[in-house]
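Asker: After the structure tokens below, expect a handful of questions from me.
The values are calculated or read from the model by the stated rules, or taken from the named source; none is laboratory data. Because the structure is a prediction, the values reported are computed rather than measured. Glycine also receives a Cβ, built like all others from the backbone with ideal geometry; neighbour counts cover every protein chain displayed.
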Amino acid sequence: MRIGIVAPCGVPFVVGGAEKLYWGLENYINTYTTHVADIVKLPSPESDFRGLIASYRAFYQLDMSGFDLVVSCKYPAWMVRHPRHVVYLLHKLRGLYDTYSGWDQLPSGIGKHNGLRNLLMIAERLKDRGEPDEFFDAIDALTFRSDAEEQSFLSFPGPLVRQVVQALDAYALAPSRIAKYGAISHVVARRRDYFPAGNAVEVLYPPTGLTFEGARGEVGKYLFTASRLDGPKRIGLLVEAMRYVGENIRLMVAGTGPLEDALKQASARDPRIEWLGYVSDRRLEELYAGALAVLFMPEQEDYGLIALEGMLAGKPIITAHDSGGPTELVEHGVTGWVVAPEPKALAGAIEELLADPEQGLLMGERAAERARMVGWAPILEWMTC
């Protein structure tokens, strides 16, 4: 089969879990099977209303007829049209779904505007029987009395873009247009409004592209995490927890992000915390291999590739009750710790590990055994059968 993996390319481009998943799937297909695959990506800005909607339109107009099977994993790529389209869902645009009105208390209504009312009427039709061309034309026709009014109505995130994107997603993911639905975790599969009601969703854990061919089974010398330095990843929780750890154990953090300067400032008085910035995959494997444990405590993570990689490296994982996907991978007391998302609770798990590193070594061995069971073969079989 000729398999097209259709995906958005962020503007500006960043490498995250999604990109690694696309690369891993393509590499597995082309290296280990008789199928052939290619990744088809389009630039997909999502910093403003019009740029995001233009991305939805671009994928809707994309011709993928040269492929026998098309796989999409994220918005707005699933707007692509193909008679055999499989969705292996990573997440929707979370700021317009499950995290909307979380911290910022964003409004739910859009107020009075004739053009917007007409647009939303077309959006409702789009969910069931409408056509995207009419919808996109209505967006193009929107006019406003002033720049301030336009900025108000087209704010991102905001109530209008929320309703528009949800209408487009409902159209794209309708059962009449999708052959199969899959999700990378039970957390994703259970999220409200992620999948059409009444349709089966297969949960299949994706593997990592790291190989960890080097030796394992040694007690490490430091605590380690790798993450984008952003709010939902809660790296600040790790920094705060180190204040309650009495041992002279280092915490090494790989990654970059918008909170990098703030986090460095918060940890300035603790020389045990080292910020490594971006690291290569080869260096990442070395860092995992030398760790005593991997700390990964995000808030409602979709999956948790960092947890899986740490397990594959033979390390116990410390995560939180509300971390989402990682709690499906880590079993408390067996392959690591699942604790409250509080500094003292995290510090307590670290102190327990430091008091009995052999216990951590045994947990890491169990973790590696479980992580080795995760692979691409069952995912591809599900996609192609």
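Asker: Output the number of the condition that GLY375 fails; it satisfies all remaining conditions of (1) touching a Ser or Thr at 6+ places or on another chain (Cβ under 9 Å); (2) not in a helix (DSSP H, G or I).
Answerer: Checking GLY375 against (1) touching a Ser or Thr at 6+ places or on another chain (Cβ under 9 Å); (2) not in a helix (DSSP H, G or I), the one that fails is (1).
Asker: Test GLU309 against the stated conditions and say whether it is over 14 Å from LEU223 (Cβ atoms), part of a loop (DSSP other than H, G, I, E, B) and not aromatic (Phe, Trp, Tyr).
Answerer: Against the criterion (over 14 Å from LEU223 (Cβ atoms), part of a loop (DSSP other than H, G, I, E, B) and not aromatic (Phe, Trp, Tyr)), GLU309 does not qualify.
Asker: Also: For the range 139-176, give me each residue that is of a type in the set (Gly, Ala, Ser) and over 14 Å from MET121 (Cα atoms).
Answerer: The answer is ALA141, SER146, ALA148, SER152, SER155, GLY158, ALA170, ALA172, ALA174, SER176.
Asker: While we're on this one: Which ones in the range 368-385 are within 22 Å of the chain's Cα centre (by Cα) and among the hydrophobic types (A, V, I, L, M, F, W, C)?
Answerer: ALA371, MET373, VAL374, TRP376, ALA377, ILE379, LEU380, TRP382, MET383
Asker: Now, a different point. Could you run through the range 333-360 and say how many residues are buried (at least 19 other Cβ atoms within 10 Å of the Cβ) and on the phi > 0 side of the Ramachandran plot?
Answerer: 1
Asker: Follow-up question, since we're still on this one. Cβ-Cβ distance below 6 Å, separation of 6 or more or different chains: which pairs start in the range 52-66 with a residue that is at negative phi and end on one that is assigned to a helix (DSSP H, G or I) and of a type in the set (A, V, I, L, M, F, W, C)?
Answerer: From the range 52-66, the pairs are ILE53/ILE139; TYR56/MET79; TYR56/LEU168; ARG57/PHE136; PHE59/ALA77; PHE59/MET79; TYR60/MET79.
Asker: Which numbered condition trips up THR33, out of (1) at pLDDT below 95; (2) closer than 20 Å to GLU202 by Cβ; (3) of a type in the set (S, T, N, Q)?
Answerer: Exception for THR33: condition (1).
Asker: What number of residues within the range 228-242 satisfy the criterion of being at pLDDT 95 or above and assigned to a loop (DSSP other than H, G, I, E, B)?
Answerer: Taking the range 228-242 and keeping what is at pLDDT 95 or above, we get 229, 233-242.
With assigned to a loop (DSSP other than H, G, I, E, B) added as a condition, the list becomes 229, 234.
Number of matching residues: 2.
Asker: Out of the residues in the range 170-201 that are surrounded by 15 or more Cβ atoms within 10 Å (Cβ to Cβ) and of a type in the set (D, E, K, R), which is nearest to SER323 (Cα to Cα)?
Answerer: Among those that are surrounded by 15 or more Cβ atoms within 10 Å (Cβ to Cβ) and of a type in the set (D, E, K, R), it is ARG191.
Asker: For VAL330, state whether it is β-branched (Val, Ile, Thr) and in contact with a Ser or Thr (Cβ under 7 Å, 6 or more places away or on another chain). Don't jump to the end; show me each part of the working.
Answerer: Working: β-branched (Val, Ile, Thr): yes; in contact with a Ser or Thr (Cβ under 7 Å, 6 or more places away or on another chain): yes.
It is true that VAL330 is β-branched (Val, Ile, Thr) and in contact with a Ser or Thr (Cβ under 7 Å, 6 or more places away or on another chain).
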